[in-house]
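The structure under discussion appears below in the form of C-alpha coordinates.
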Amino acid sequence: MMNKYISIKKNNIAYRIINGEVVIVNLKKSTFHTLNPVATFIWEQLDGQATLSDIVERLSQEFEIDRETSENDCVDFINDLLNKDMITLSSHPLEKS
Amino acid sequence: MSKESLFNIVNDKAIAKRILLSCHFDLTYNCNTNCVHCYVKKEERDELKTSEIKDIMDQLAAMDTLFLILSGGEVLTRKDFFEIAEYARKLNFALRIMTNGLLVDEKVADKLAALNPDLINLSIYSTNPEVHDGITGVPGSLEKVINAAELIRERGLELRINTVIMKQNLNDYPQVHELAQILGADFKVDFQVTPKFDGDRSPLQFQISSNELQEVLADPLLELTLDDPIEPHLKRFANDIPCSAAHSFLYISPYGDVSPCVQFKVPCGNLKEKSLEEIWYHSPQMLDISSLRISKLPACSQCELIDDCRYCPGISYIEEGDVMIPARRTCQEALLLNQLRGEENG
Ligand SMILES: C[S@@+](CC[C@H](N)C(=O)[O-])C[C@H]1O[C@@H](n2cnc3c(N)ncnc32)[C@H](O)[C@@H]1O
Ligand code: SF4
Ligand code: SF4
(Lines give C-alpha, C1' and ligand atoms only; values in the text may rest on other atoms or scores of the structure.)
(Ligands and ions follow the chains in the order given, each with its own letter.)
Protein backbone atom coordinates (compact mmCIF):
# COMPACT_ATOMS: atom_id res chain seq x y z
CA MET A 1 0.00 0.00 0.00
CA MET A 2 2.86 2.43 0.76
CA ASN A 3 3.77 2.98 -2.89
CA LYS A 4 0.21 3.51 -4.10
CA TYR A 5 -1.02 6.88 -5.35
CA ILE A 6 -4.16 8.02 -3.57
CA SER A 7 -6.93 10.17 -4.95
CA ILE A 8 -10.28 11.40 -3.70
CA LYS A 9 -13.37 9.93 -5.40
CA LYS A 10 -14.71 13.34 -6.24
CA ASN A 11 -17.87 11.90 -7.80
CA ASN A 12 -18.99 10.39 -4.53
CA ILE A 13 -18.43 13.35 -2.29
CA ALA A 14 -18.79 17.09 -1.83
CA TYR A 15 -16.26 18.87 0.34
CA ARG A 16 -14.80 22.18 1.33
CA ILE A 17 -11.86 23.13 3.51
CA ILE A 18 -13.33 25.64 5.93
CA ASN A 19 -11.10 27.31 8.47
CA GLY A 20 -8.42 24.64 8.17
CA GLU A 21 -10.85 21.76 8.66
CA VAL A 22 -12.32 19.79 5.81
CA VAL A 23 -16.08 19.29 5.81
CA ILE A 24 -17.21 16.32 3.72
CA VAL A 25 -20.60 15.14 2.53
CA ASN A 26 -20.55 11.50 1.46
CA LEU A 27 -23.18 11.64 -1.27
CA LYS A 28 -23.42 7.89 -1.75
CA LYS A 29 -24.00 7.11 1.89
CA SER A 30 -25.62 10.41 2.83
CA THR A 31 -23.29 11.02 5.74
CA PHE A 32 -21.51 14.13 6.89
CA HIS A 33 -18.00 14.38 8.33
CA THR A 34 -15.60 16.97 9.64
CA LEU A 35 -11.91 16.26 9.98
CA ASN A 36 -9.34 17.58 12.43
CA PRO A 37 -6.32 19.54 11.17
CA VAL A 38 -4.07 16.43 10.91
CA ALA A 39 -6.63 14.52 8.86
CA THR A 40 -7.29 17.66 6.85
CA PHE A 41 -3.58 17.93 6.04
CA ILE A 42 -3.57 14.33 4.82
CA TRP A 43 -6.78 14.95 2.87
CA GLU A 44 -5.14 17.83 1.02
CA GLN A 45 -2.40 15.48 -0.19
CA LEU A 46 -4.85 13.06 -1.83
CA ASP A 47 -4.52 14.52 -5.33
CA GLY A 48 -3.39 11.32 -6.99
CA GLN A 49 0.14 12.73 -7.37
CA ALA A 50 1.56 11.49 -4.07
CA THR A 51 2.09 7.97 -2.77
CA LEU A 52 1.18 7.00 0.75
CA SER A 53 4.84 7.02 1.72
CA ASP A 54 5.22 10.57 0.31
CA ILE A 55 2.29 11.59 2.47
CA VAL A 56 3.73 9.94 5.59
CA GLU A 57 6.92 11.91 5.01
CA ARG A 58 5.07 15.20 4.50
CA LEU A 59 2.90 14.72 7.59
CA SER A 60 5.89 13.94 9.77
CA GLN A 61 7.61 17.14 8.56
CA GLU A 62 4.54 19.39 8.78
CA PHE A 63 3.60 18.36 12.32
CA GLU A 64 7.12 17.48 13.50
CA ILE A 65 6.23 13.93 14.50
CA ASP A 66 8.32 10.80 14.09
CA ARG A 67 7.88 8.63 11.05
CA GLU A 68 6.24 5.78 12.89
CA THR A 69 3.51 7.93 14.43
CA SER A 70 2.99 9.60 11.08
CA GLU A 71 2.68 6.24 9.34
CA ASN A 72 0.18 4.97 11.90
CA ASP A 73 -1.93 8.10 11.57
CA CYS A 74 -1.85 7.99 7.78
CA VAL A 75 -2.61 4.29 7.44
CA ASP A 76 -5.50 4.44 9.92
CA PHE A 77 -7.01 7.40 8.18
CA ILE A 78 -6.56 6.00 4.68
CA ASN A 79 -8.16 2.70 5.73
CA ASP A 80 -11.05 4.62 7.18
CA LEU A 81 -11.53 6.54 3.92
CA LEU A 82 -11.30 3.30 1.94
CA ASN A 83 -14.04 1.79 4.09
CA LYS A 84 -16.19 4.83 3.42
CA ASP A 85 -15.54 4.53 -0.32
CA MET A 86 -14.18 8.06 -0.54
CA ILE A 87 -10.79 7.38 -2.17
CA THR A 88 -9.10 5.13 -4.70
CA LEU A 89 -5.59 3.66 -4.72
CA SER A 90 -3.65 3.30 -7.93
CA SER A 91 -0.22 2.12 -9.03
CA HIS A 92 0.15 5.19 -11.24
CA PRO A 93 -0.22 8.88 -10.59
CA LEU A 94 -3.54 10.40 -11.61
CA GLU A 95 -3.45 12.29 -14.90
CA LYS A 96 -3.81 15.98 -14.24
CA SER A 97 -7.05 17.41 -15.64
CA MET B 1 -23.93 11.68 15.36
CA SER B 2 -26.72 12.36 12.87
CA LYS B 3 -26.14 14.31 9.70
CA GLU B 4 -28.43 17.08 11.00
CA SER B 5 -26.64 17.57 14.29
CA LEU B 6 -23.23 17.56 12.63
CA PHE B 7 -24.52 20.08 10.13
CA ASN B 8 -25.71 22.25 13.00
CA ILE B 9 -22.26 22.20 14.58
CA VAL B 10 -20.60 23.14 11.30
CA ASN B 11 -23.24 25.79 10.64
CA ASP B 12 -22.81 27.30 14.11
CA LYS B 13 -19.08 27.57 13.47
CA ALA B 14 -19.77 29.13 10.08
CA ILE B 15 -22.18 31.63 11.68
CA ALA B 16 -19.60 32.54 14.33
CA LYS B 17 -17.05 33.37 11.62
CA ARG B 18 -19.62 34.56 9.08
CA ILE B 19 -18.64 31.96 6.49
CA LEU B 20 -21.10 31.58 3.62
CA LEU B 21 -21.71 27.85 4.07
CA SER B 22 -24.97 27.57 2.08
CA CYS B 23 -26.54 29.38 -0.84
CA HIS B 24 -29.96 29.21 -2.46
CA PHE B 25 -29.55 30.02 -6.15
CA ASP B 26 -32.67 30.36 -8.30
CA LEU B 27 -31.43 29.69 -11.83
CA THR B 28 -34.63 30.82 -13.57
CA TYR B 29 -38.08 32.14 -12.81
CA ASN B 30 -39.49 30.39 -15.91
CA CYS B 31 -41.73 27.47 -15.19
CA ASN B 32 -43.70 24.86 -17.08
CA THR B 33 -46.61 25.04 -14.63
CA ASN B 34 -48.65 27.81 -13.13
CA CYS B 35 -49.21 26.91 -9.48
CA VAL B 36 -51.99 28.99 -7.95
CA HIS B 37 -49.99 29.88 -4.85
CA CYS B 38 -46.57 30.45 -6.42
CA TYR B 39 -44.57 33.38 -5.01
CA VAL B 40 -42.39 33.74 -8.09
CA LYS B 41 -42.84 36.98 -9.99
CA LYS B 42 -41.00 37.24 -13.28
CA GLU B 43 -39.54 40.55 -14.35
CA GLU B 44 -38.73 41.99 -17.75
CA ARG B 45 -34.99 41.60 -17.24
CA ASP B 46 -32.49 39.20 -18.74
CA GLU B 47 -31.73 36.19 -16.59
CA LEU B 48 -28.10 35.27 -15.94
CA LYS B 49 -26.24 33.64 -18.81
CA THR B 50 -24.48 30.29 -18.45
CA SER B 51 -21.09 31.96 -18.20
CA GLU B 52 -22.31 34.41 -15.55
CA ILE B 53 -23.73 31.57 -13.46
CA LYS B 54 -20.46 29.65 -13.70
CA ASP B 55 -18.56 32.74 -12.64
CA ILE B 56 -20.84 33.14 -9.61
CA MET B 57 -20.27 29.49 -8.73
CA ASP B 58 -16.51 30.05 -8.87
CA GLN B 59 -16.97 32.93 -6.44
CA LEU B 60 -19.12 30.81 -4.12
CA ALA B 61 -16.54 28.03 -4.08
CA ALA B 62 -13.80 30.55 -3.30
CA MET B 63 -15.89 31.78 -0.38
CA ASP B 64 -16.09 28.23 1.03
CA THR B 65 -19.75 27.60 0.19
CA LEU B 66 -20.47 23.87 0.41
CA PHE B 67 -24.26 23.52 0.11
CA LEU B 68 -25.83 24.87 -3.05
CA ILE B 69 -29.60 24.77 -3.44
CA LEU B 70 -30.63 25.05 -7.09
CA SER B 71 -34.24 26.09 -7.56
CA GLY B 72 -36.53 28.51 -9.35
CA GLY B 73 -38.99 28.58 -11.17
CA GLU B 74 -38.32 25.24 -12.72
CA VAL B 75 -34.60 24.57 -13.11
CA LEU B 76 -35.11 21.82 -15.69
CA THR B 77 -36.60 24.32 -18.13
CA ARG B 78 -33.10 25.78 -18.54
CA LYS B 79 -31.44 24.13 -21.54
CA ASP B 80 -28.06 24.56 -19.87
CA PHE B 81 -29.18 23.10 -16.53
CA PHE B 82 -26.96 20.03 -16.68
CA GLU B 83 -23.99 22.01 -17.95
CA ILE B 84 -24.39 24.29 -14.92
CA ALA B 85 -24.98 21.48 -12.45
CA GLU B 86 -22.01 19.47 -13.73
CA TYR B 87 -19.86 22.55 -13.40
CA ALA B 88 -21.04 22.94 -9.82
CA ARG B 89 -20.14 19.33 -9.05
CA LYS B 90 -16.65 19.86 -10.49
CA LEU B 91 -16.34 22.61 -7.90
CA ASN B 92 -17.26 20.03 -5.21
CA PHE B 93 -20.55 21.56 -4.09
CA ALA B 94 -23.19 19.45 -2.35
CA LEU B 95 -26.20 20.05 -4.60
CA ARG B 96 -29.83 20.18 -3.54
CA ILE B 97 -32.10 20.36 -6.56
CA MET B 98 -35.71 21.54 -6.24
CA THR B 99 -37.97 20.55 -9.12
CA ASN B 100 -41.63 19.95 -9.86
CA GLY B 101 -40.61 16.71 -11.58
CA LEU B 102 -42.59 17.27 -14.77
CA LEU B 103 -39.56 16.98 -17.05
CA VAL B 104 -38.01 14.00 -15.28
CA ASP B 105 -38.04 10.95 -17.54
CA GLU B 106 -35.58 8.00 -17.59
CA LYS B 107 -32.96 10.01 -19.43
CA VAL B 108 -33.17 13.06 -17.17
CA ALA B 109 -33.21 10.81 -14.08
CA ASP B 110 -29.98 9.19 -15.31
CA LYS B 111 -28.39 12.60 -15.71
CA LEU B 112 -29.56 13.65 -12.25
CA ALA B 113 -28.11 10.46 -10.80
CA ALA B 114 -24.78 11.11 -12.53
CA LEU B 115 -24.55 14.39 -10.61
CA ASN B 116 -24.69 12.57 -7.26
CA PRO B 117 -26.79 15.31 -5.68
CA ASP B 118 -27.07 15.56 -1.91
CA LEU B 119 -30.84 15.76 -2.29
CA ILE B 120 -33.62 16.06 -4.85
CA ASN B 121 -36.73 17.86 -3.67
CA LEU B 122 -40.13 17.32 -5.31
CA SER B 123 -43.36 19.16 -4.45
CA ILE B 124 -46.42 16.95 -4.06
CA TYR B 125 -49.58 18.55 -2.69
CA SER B 126 -51.96 15.60 -2.66
CA THR B 127 -52.30 12.04 -3.88
CA ASN B 128 -55.61 13.02 -5.41
CA PRO B 129 -54.97 14.16 -9.00
CA GLU B 130 -57.84 16.64 -8.89
CA VAL B 131 -56.27 18.43 -5.95
CA HIS B 132 -52.62 18.28 -7.01
CA ASP B 133 -53.31 19.14 -10.64
CA GLY B 134 -55.74 21.81 -9.47
CA ILE B 135 -52.88 23.51 -7.64
CA THR B 136 -50.31 23.19 -10.42
CA GLY B 137 -52.80 23.98 -13.17
CA VAL B 138 -51.42 21.11 -15.25
CA PRO B 139 -53.55 18.02 -15.86
CA GLY B 140 -51.48 14.85 -15.41
CA SER B 141 -48.86 16.59 -13.25
CA LEU B 142 -49.45 14.31 -10.23
CA GLU B 143 -48.84 11.20 -12.32
CA LYS B 144 -45.67 12.77 -13.70
CA VAL B 145 -44.29 13.83 -10.35
CA ILE B 146 -44.93 10.40 -8.83
CA ASN B 147 -43.22 8.83 -11.80
CA ALA B 148 -40.30 11.22 -11.29
CA ALA B 149 -40.13 10.24 -7.61
CA GLU B 150 -39.95 6.56 -8.54
CA LEU B 151 -37.25 7.12 -11.16
CA ILE B 152 -35.21 9.11 -8.67
CA ARG B 153 -35.52 6.51 -5.92
CA GLU B 154 -34.78 3.63 -8.32
CA ARG B 155 -31.43 5.30 -8.86
CA GLY B 156 -30.80 5.39 -5.13
CA LEU B 157 -30.86 9.19 -4.81
CA GLU B 158 -31.92 10.93 -1.63
CA LEU B 159 -35.40 12.31 -2.19
CA ARG B 160 -37.46 14.73 -0.18
CA ILE B 161 -41.13 15.32 -0.77
CA ASN B 162 -42.27 18.76 0.15
CA THR B 163 -45.89 19.62 0.65
CA VAL B 164 -47.30 23.07 1.26
CA ILE B 165 -50.47 22.68 3.30
CA MET B 166 -53.18 25.03 2.05
CA LYS B 167 -56.96 25.20 2.10
CA GLN B 168 -57.22 23.05 -1.03
CA ASN B 169 -55.17 20.16 0.31
CA LEU B 170 -55.61 20.54 4.07
CA ASN B 171 -56.58 16.91 4.60
CA ASP B 172 -54.24 15.33 2.09
CA TYR B 173 -50.83 15.42 3.73
CA PRO B 174 -51.18 12.08 5.59
CA GLN B 175 -51.48 10.30 2.24
CA VAL B 176 -48.54 12.25 0.83
CA HIS B 177 -46.58 11.24 3.92
CA GLU B 178 -47.52 7.61 3.30
CA LEU B 179 -46.42 7.92 -0.32
CA ALA B 180 -43.09 9.35 0.85
CA GLN B 181 -42.64 6.39 3.19
CA ILE B 182 -43.40 3.89 0.44
CA LEU B 183 -40.88 5.63 -1.78
CA GLY B 184 -38.28 5.79 0.98
CA ALA B 185 -38.28 9.56 0.76
CA ASP B 186 -37.99 12.25 3.39
CA PHE B 187 -41.13 14.28 4.05
CA LYS B 188 -41.41 17.98 4.81
CA VAL B 189 -44.40 20.21 5.22
CA ASP B 190 -44.81 23.93 5.16
CA PHE B 191 -47.97 25.84 5.95
CA GLN B 192 -46.64 29.36 5.71
CA VAL B 193 -47.85 30.70 2.40
CA THR B 194 -45.98 33.88 1.53
CA PRO B 195 -46.92 36.81 -0.71
CA LYS B 196 -45.40 37.06 -4.17
CA PHE B 197 -41.99 38.66 -4.61
CA ASP B 198 -43.61 41.92 -5.70
CA GLY B 199 -45.74 42.07 -2.54
CA ASP B 200 -48.92 40.77 -4.23
CA ARG B 201 -50.82 39.10 -1.40
CA SER B 202 -53.08 36.92 -3.54
CA PRO B 203 -51.36 33.63 -2.54
CA LEU B 204 -52.46 34.29 1.06
CA GLN B 205 -56.05 33.43 0.16
CA PHE B 206 -54.91 29.79 0.25
CA GLN B 207 -53.41 30.04 3.71
CA ILE B 208 -55.13 27.83 6.31
CA SER B 209 -57.06 29.50 9.13
CA SER B 210 -55.77 29.58 12.69
CA ASN B 211 -58.24 26.85 13.70
CA GLU B 212 -56.98 24.68 10.89
CA LEU B 213 -53.41 25.51 11.83
CA GLN B 214 -54.14 24.43 15.38
CA GLU B 215 -55.23 21.00 14.18
CA VAL B 216 -52.28 20.62 11.88
CA LEU B 217 -49.79 21.60 14.57
CA ALA B 218 -51.32 19.11 16.98
CA ASP B 219 -50.73 16.27 14.56
CA PRO B 220 -47.80 14.17 15.84
CA LEU B 221 -47.08 13.20 12.24
CA LEU B 222 -45.71 16.67 11.60
CA GLU B 223 -43.65 17.14 14.69
CA LEU B 224 -40.30 16.36 13.18
CA THR B 225 -40.86 17.72 9.73
CA LEU B 226 -40.81 21.45 10.29
CA ASP B 227 -37.15 22.32 10.64
CA ASP B 228 -34.46 22.04 8.05
CA PRO B 229 -31.09 23.32 9.19
CA ILE B 230 -29.79 23.90 5.66
CA GLU B 231 -32.69 26.10 4.65
CA PRO B 232 -32.77 28.89 7.20
CA HIS B 233 -36.41 29.85 6.85
CA LEU B 234 -37.24 26.38 8.16
CA LYS B 235 -35.05 26.54 11.22
CA ARG B 236 -35.70 27.72 14.76
CA PHE B 237 -33.22 30.25 16.05
CA ALA B 238 -30.36 29.67 18.42
CA ASN B 239 -27.85 31.87 20.23
CA ASP B 240 -29.95 34.99 19.88
CA ILE B 241 -29.65 34.86 16.08
CA PRO B 242 -32.98 34.58 14.25
CA CYS B 243 -31.69 32.38 11.40
CA SER B 244 -28.70 31.71 9.15
CA ALA B 245 -29.68 34.30 6.54
CA ALA B 246 -26.83 36.84 6.16
CA HIS B 247 -24.81 34.84 8.73
CA SER B 248 -23.96 31.69 6.77
CA PHE B 249 -26.55 31.78 3.99
CA LEU B 250 -27.72 34.00 1.16
CA TYR B 251 -30.03 34.01 -1.84
CA ILE B 252 -29.23 34.74 -5.49
CA SER B 253 -32.00 35.46 -8.01
CA PRO B 254 -31.86 34.60 -11.73
CA TYR B 255 -31.15 38.30 -12.37
CA GLY B 256 -28.11 38.21 -10.13
CA ASP B 257 -29.78 40.07 -7.28
CA VAL B 258 -28.48 39.09 -3.87
CA SER B 259 -30.61 39.07 -0.72
CA PRO B 260 -30.43 37.31 2.67
CA CYS B 261 -33.02 34.61 1.81
CA VAL B 262 -35.59 33.59 -0.80
CA GLN B 263 -38.27 34.81 1.63
CA PHE B 264 -36.29 37.86 2.69
CA LYS B 265 -35.68 39.90 -0.40
CA VAL B 266 -33.91 42.97 0.87
CA PRO B 267 -31.79 44.04 -2.13
CA CYS B 268 -28.12 43.86 -1.16
CA GLY B 269 -26.49 44.25 -4.57
CA ASN B 270 -26.36 42.74 -8.04
CA LEU B 271 -23.70 40.27 -9.19
CA LYS B 272 -23.56 41.80 -12.66
CA GLU B 273 -22.17 44.91 -10.97
CA LYS B 274 -20.40 43.73 -7.83
CA SER B 275 -18.53 40.70 -6.64
CA LEU B 276 -20.10 38.31 -4.21
CA GLU B 277 -17.36 39.01 -1.71
CA GLU B 278 -18.04 42.74 -1.86
CA ILE B 279 -21.76 42.19 -1.26
CA TRP B 280 -21.30 39.62 1.51
CA TYR B 281 -18.74 41.63 3.47
CA HIS B 282 -19.64 45.21 2.60
CA SER B 283 -23.28 45.61 1.60
CA PRO B 284 -24.78 47.84 4.31
CA GLN B 285 -28.11 46.00 4.03
CA MET B 286 -26.47 42.58 4.42
CA LEU B 287 -24.42 43.75 7.40
CA ASP B 288 -27.45 45.39 8.94
CA ILE B 289 -29.40 42.13 8.80
CA SER B 290 -26.47 40.11 10.10
CA SER B 291 -26.44 42.34 13.17
CA LEU B 292 -30.06 41.50 13.99
CA ARG B 293 -30.48 39.80 17.38
CA ILE B 294 -33.63 38.53 19.06
CA SER B 295 -32.65 40.44 22.20
CA LYS B 296 -32.76 43.68 20.20
CA LEU B 297 -36.33 43.16 18.99
CA PRO B 298 -38.62 45.21 21.23
CA ALA B 299 -41.51 42.74 21.35
CA CYS B 300 -39.70 39.41 21.02
CA SER B 301 -37.01 40.11 23.61
CA GLN B 302 -39.74 40.46 26.27
CA CYS B 303 -41.87 37.58 24.98
CA GLU B 304 -42.64 34.42 26.93
CA LEU B 305 -43.37 32.46 23.78
CA ILE B 306 -39.83 32.69 22.51
CA ASP B 307 -39.06 28.98 22.93
CA ASP B 308 -41.97 28.02 20.73
CA CYS B 309 -41.54 30.74 18.17
CA ARG B 310 -40.33 30.53 14.62
CA TYR B 311 -39.91 34.28 14.15
CA CYS B 312 -38.60 34.89 10.65
CA PRO B 313 -37.21 38.34 9.80
CA GLY B 314 -38.16 37.76 6.14
CA ILE B 315 -41.81 37.23 6.98
CA SER B 316 -41.81 40.29 9.21
CA TYR B 317 -40.22 42.30 6.42
CA ILE B 318 -42.78 41.26 3.83
CA GLU B 319 -45.83 41.25 6.12
CA GLU B 320 -45.12 44.19 8.40
CA GLY B 321 -42.57 46.07 6.33
CA ASP B 322 -40.15 45.98 9.25
CA VAL B 323 -37.95 43.16 10.54
CA MET B 324 -38.31 44.50 14.08
CA ILE B 325 -42.07 43.94 14.17
CA PRO B 326 -43.22 40.34 14.58
CA ALA B 327 -45.73 39.20 11.97
CA ARG B 328 -49.15 38.49 13.46
CA ARG B 329 -49.32 34.93 12.28
CA THR B 330 -45.83 34.21 13.61
CA CYS B 331 -47.06 35.10 17.09
CA GLN B 332 -50.26 33.16 16.47
CA GLU B 333 -48.30 30.04 15.57
CA ALA B 334 -46.01 30.46 18.58
CA LEU B 335 -49.01 30.75 20.89
CA LEU B 336 -50.56 27.58 19.44
CA LEU B 337 -47.32 25.65 19.76
CA ASN B 338 -46.88 26.91 23.30
CA GLN B 339 -50.38 25.79 24.27
CA LEU B 340 -49.79 22.38 22.70
CA ARG B 341 -46.53 21.96 24.53
CA GLY B 342 -48.26 23.00 27.77
CA GLU B 343 -50.89 20.32 27.21
CA GLU B 344 -48.24 17.70 26.53
CA ASN B 345 -46.32 18.57 29.67
CA GLY B 346 -49.30 19.15 31.91
C1 LIG C 1 -40.99 27.98 -5.89
S2 LIG C 1 -40.88 26.25 -5.97
C3 LIG C 1 -39.46 26.01 -7.01
C4 LIG C 1 -39.12 24.55 -7.27
C5 LIG C 1 -40.09 23.75 -8.13
N6 LIG C 1 -40.61 24.46 -9.24
C7 LIG C 1 -41.21 23.22 -7.26
O8 LIG C 1 -42.34 23.60 -7.45
O9 LIG C 1 -40.90 22.40 -6.39
C10 LIG C 1 -40.25 25.74 -4.37
C11 LIG C 1 -41.31 25.45 -3.32
O12 LIG C 1 -41.91 26.67 -2.92
C13 LIG C 1 -43.28 26.45 -2.71
N14 LIG C 1 -44.01 27.71 -2.84
C15 LIG C 1 -44.31 28.36 -3.97
N16 LIG C 1 -45.02 29.48 -3.72
C17 LIG C 1 -45.15 29.55 -2.38
C18 LIG C 1 -45.77 30.48 -1.49
N19 LIG C 1 -46.41 31.56 -1.94
N20 LIG C 1 -45.70 30.24 -0.17
C21 LIG C 1 -45.05 29.15 0.30
N22 LIG C 1 -44.45 28.24 -0.48
C23 LIG C 1 -44.51 28.43 -1.81
C24 LIG C 1 -43.65 25.46 -3.76
O25 LIG C 1 -44.85 24.80 -3.41
C26 LIG C 1 -42.45 24.56 -3.80
O27 LIG C 1 -42.60 23.50 -2.89
S1 SF4 D 1 -43.74 24.42 -10.12
FE2 SF4 D 1 -42.65 25.55 -8.52
S3 SF4 D 1 -41.86 27.40 -9.53
FE4 SF4 D 1 -43.39 26.48 -10.89
S5 SF4 D 1 -45.26 27.57 -10.46
FE6 SF4 D 1 -45.22 25.72 -9.14
S7 SF4 D 1 -44.26 26.36 -7.23
FE8 SF4 D 1 -43.85 27.96 -8.73
S1 SF4 E 1 -44.41 35.14 19.54
FE2 SF4 E 1 -44.27 37.08 18.41
S3 SF4 E 1 -43.43 38.53 19.92
FE4 SF4 E 1 -43.10 36.48 20.75
S5 SF4 E 1 -41.01 35.92 20.09
FE6 SF4 E 1 -42.42 35.13 18.53
S7 SF4 E 1 -42.56 36.74 16.96
FE8 SF4 E 1 -41.66 37.68 18.82
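Report yes if B:THR65 is away from chain A (no Cβ under 14 Å) and either away from ligand 3 (no atom under 16 Å from the Cβ) or modelled with pLDDT of 95 or more (or both), otherwise no. When the stated conditions are applied, B:THR65 does not pass them. Contact annotation: residue pairs with Cβ atoms under 6 Å, 6 or more positions apart or on different chains, pairing a residue in the range B:39-58 that is more than 21 Å from B:GLN263 (Cβ to Cβ) with a partner that is hydrophobic (A, V, I, L, M, F, W, C) and in a helix (DSSP H, G or I), are B:ILE53/B:ILE84; B:MET57/B:ALA88. Only residues that are more than 8 Å from chain A (Cβ to nearest Cβ), hydrophobic (A, V, I, L, M, F, W, C) and crowded, with 17+ Cβ neighbours inside 10 Å were counted in the range B:5-24, giving 3.
Restricted to the range B:317-331, and to residues that are of a type outside the set (A, V, I, L, M, F, W, C) and more than 8 Å from ligand 3 (Cβ to nearest atom), which residue is surrounded by the most Cβ atoms within 10 Å (Cβ to Cβ)?
B:TYR317
Meeting the requirement of 2 or more residues that are within 14 Å of chain A (Cβ to nearest Cβ) and within 16 Å of ligand 1 (Cβ to nearest atom), no helices (runs of 4 or more DSSP H) wholly within the range B:278-346 can be named.
Condition test on B:ASP55, is it surrounded by fewer than 17 Cβ atoms within 10 Å (Cβ to Cβ) and more than 17 Å from A:GLY20 (Cα to Cα)? Step through it out loud before you land on a result.
Working: surrounded by fewer than 17 Cβ atoms within 10 Å (Cβ to Cβ): yes; more than 17 Å from A:GLY20 (Cα to Cα): yes.
In short, yes.
The residues on offer are B:LYS41, B:LYS90, and the sole one that is more than 15 Å from ligand 2 (Cβ to nearest atom), surrounded by fewer than 16 Cβ atoms within 10 Å (Cβ to Cβ) and not acidic (Asp, Glu) is B:LYS90. Name the residues in the range A:4-13 that are closer than 14 Å to A:GLU44 by Cα and either within 7 Å of chain B (Cβ to nearest Cβ) or surrounded by fewer than 22 Cβ atoms within 10 Å (Cβ to Cβ) (or both), would you? The answer is A:TYR5, A:SER7, A:ILE8, A:LYS9, A:LYS10. Just one of the listed residues (B:LEU122, B:LEU70) is buried (at least 16 other Cβ atoms within 10 Å of the Cβ), touching a Lys or Arg at 6+ places or on another chain (Cβ under 8 Å) and under 19 Å from B:LEU142 (Cα atoms), namely B:LEU122.
Could you please let me know if A:GLU57 is part of a helix (DSSP H, G or I) and either touching a strand residue (DSSP E or B) at 6+ places or on another chain (Cβ under 9 Å) or farther than 21 Å from B:ASN92 by Cα (or both)? Criteria met by A:GLU57. Does the range B:138-171 hold any residues that are assigned to a helix (DSSP H, G or I), closer than 15 Å to B:THR127 by Cα and in contact with a strand residue (DSSP E or B) (Cβ under 8 Å, 6 or more places away or on another chain), and which are they? Hits for the range B:138-171 are B:VAL145, B:ALA148, B:ALA149, B:ASN169. Would you be able to say whether some residue in the range B:98-109 is crowded, with 22+ Cβ neighbours inside 10 Å and among the charged types (D, E, K, R)? No, that holds for no residue.
The values are calculated or read from the model by the stated rules, or taken from the named source; none is laboratory data. Being a predicted model, the structure only gives us computed values, none of them experimental. Cβ: placed from backbone, ideal geometry, glycine included. Neighbour counts: every protein chain shown.
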